[in-house]
Structures are given as structure tokens and as C-alpha cells.
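Beneath this line is the structure, given in C-alpha cells, with notes to follow.
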Amino acid sequence: MNVVWDCGNGAAGAVTEQLVKRLAGRHHVLFPEIDGTFPNHHPNPVDPETLEILRAEVADKGAQIGIGFDGDGDRIGVVDARGRQVPGDLLTAFIAQDVGLRHKGKPMLLDVKSSDMAMDLLRQAGSAPEVWKTGHSHIKKRMKEVGAPLAGEMSGHIFIADNYYGFDDAIYAGMRVLDQCVRTGFDITAFMDSLPEQHATPELRVPCPDSDKFAAMDTITAHVLAANDPNAVSTIDGVRVRTDGGWWLLRASNTEAVLIARAEAATKDRLDNLVGDIGRALGVANLDW
């Protein structure tokens, strides 16, 4: 394959340079020099802005895929040949099409921010999908409890326990994607082309001090449970509210002074309404966008 790798001056650089020497195809490695000042871009491979250089290099080199890593090499970001970012939930769903062949009926996990589309794809792959708490420690613990061969988070953590130990290792995840593309002849671009149009927000961040964010979520959760059918509300990690034609989520970030919001709907108009629902829920805790 023709691949662009963006190490982002993080810890994955030296390993990636050694790795590509052993791979067939054409490989273009960006920013392999380890430099904690990150002179080229912030090493967050799921932030669309940090993928601009990778996207441009994929286009310039006529590459089939671009793979980026975060600072310590455990989170992956992918762009396809058309420059489209592949969200973590859909990247997990792509890998599931292969893993599911060997683990029929087994659970596969996605974090609470993941889309219904990804859940449906996991079912089509023959798995029993489950939504779980965001956070790699939570996901790994749950994988062990239920014997899941695969899990993924929107943040780019991909956990593969199929013929592997189960670590969330972005270099390994990238290799599994390439391996699957070559073996099946159905690459990541064809996969993205095959999906229906999705109406979903990215991860939205609402500033909230660390000292206040969990109390704010307690207030929001109490309001949401009182105002909705409890069967339509999941409180496994924040509040995820299912309504006609979609769902919305608010949760406190584990690592930042923010609340995380996301929504998905069947239509653009319905998505706009759900974003309005999020805004009203934030208002209960005296927060806004």
C-alpha cells in the first residue's frame, strides 16, 4: 500500500521508522523526530485541525491511507484516500468486519460517545455490541470481564485482543488496518464509501472548572431523569438520552476541565433540535456553549 504516517514528533517516531523498512509498498513518514515541544502540530490524532498536514500529504502522495499517532503512541487517527477522517467508532467497526469472522456472538465494546451507526456495524459483523464508560482503564477492565476481542473509543484508543494481548497500541492498530485492507481487498476508503450519510456532531467541549464539573453533571442528570422516561436515559457515564430519531450525550471529561457533548440523529433538522436539547440541559447547571 501507499501510506503516509504522521508521528507528530511523539514517542512513536523511532518505532515507525524501523517498522516501515520491513513493509512492502510505499511509506512516507512525517515528523519522526521525538520532540516534546511538538513543533509541527499538537499530537492529537482525532482533532480535525491536527490532521490537516496528514490530509494534505495523502493527497500529494496519492496515498491510500494516512495514519497519525498521539504523543505516547497509544491513540490512532486515520484519514482515507479522499481525506475523510475516520472516527474512532467507525475505525473500530471496520476492524470488527475482520475480527467478527473469528468471534461470532462475542461482545465488542464502544465507548458512550459512539454512534448508532457503529453499533449497527458491530451487529452486522456478528458481535454483541455493548456501550461502556469512556476511559481506557474502564474499557480494558470490561473487556476482560466479558471476554471481548475488540473495543474502541472515539478518542482513538483501539483495543485488539484478537490474536494479540489486548493493549491499546496505535502502531499495532494501524498495522491491523493495513493488513485487513490488503487481505480483503476492501480498503478503508471503500468502507467509508459504503456507509450511509451520517448526521452527528463531533465531540463538543463545554468549559467547566474541574472543581465544578461533576457537581454540574449531578444537577444535569437529576433534571434529565425527572424530565424523561428513565428507560430512555443511560447514566453509565454522564447522561445519554435517546429520543425519537436520535440521541444526545453529556458527560464530564476524565482529563480536561470540560463537559463533553455529542449527538446523532436521522436527519440534519433533528440533529439541530438535539443540540438545542443539550443547550437547555447545560442551562440547568448555569452553563452554556
Among the residues of the stretch 85-110, which ones are under 15 Å from Asp168 (Cα atoms) and in contact (Cβ under 8 Å) with a residue 60 or more places away in the chain? Gly88, Asp89, Leu91, Thr92, Ile95
Among residues of the stretch 62-85, those that are among the aliphatic types (A, V, I, L, M) and buried (at least 24 other Cβ atoms within 10 Å of the Cβ), counted: 4
Reported set for the stretch 12-42 where residues are more than 16 Å from Lys61 (Cβ to Cβ), hydrophobic (A, V, I, L, M, F, W, C) and touching a residue at least 24 places away in the same chain (Cβ under 8 Å) is Ala12, Val15, Leu19, Ile34, Phe38
Test: residue in the stretch 201-223 that is surrounded by fewer than 20 Cβ atoms within 10 Å (Cβ to Cβ), among the small types (Gly, Ala, Ser) and closer than 21 Å to Val112 by Cα: yes
For Asp272, which of the numbered conditions (1) among the acidic types (Asp, Glu); (2) crowded, with 22+ Cβ neighbours inside 10 Å; (3) without any contact (Cβ under 8 Å) to a residue 12 or more places away in the chain fails to hold? (2)
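To keep it simple, each residue is scored yes or no on (1) at negative phi; (2) within 12 Å of the chain's Cα centre (by Cα).
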{"position": "Gly77", "(1), (2)": "yes, yes"}
{"position": "Ala93", "(1), (2)": "yes, yes"}
{"position": "Arg102", "(1), (2)": "yes, no"}
{"position": "Gln124", "(1), (2)": "yes, no"}
{"position": "Pro129", "(1), (2)": "yes, no"}
{"position": "Met143", "(1), (2)": "yes, no"}
{"position": "Met154", "(1), (2)": "yes, yes"}
{"position": "Asn163", "(1), (2)": "no, no"}
Please list, ordered by residue number, the helices (runs of 4 or more DSSP H) wholly in the stretch 1-110 having 2 or more residues that are of a type in the set (Asp, Glu) and closer than 24 Å to Ala125 by Cβ. 88-99
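Where a number appears in this text, it was derived from the coordinates with a stated rule and is not lab data. From a predicted model like this one, the values you see are computed outputs, not experimental measurements. Heads up, the Cβs are rebuilt from the backbone with ideal geometry, glycines too, and the neighbour counts pull from every protein chain shown.
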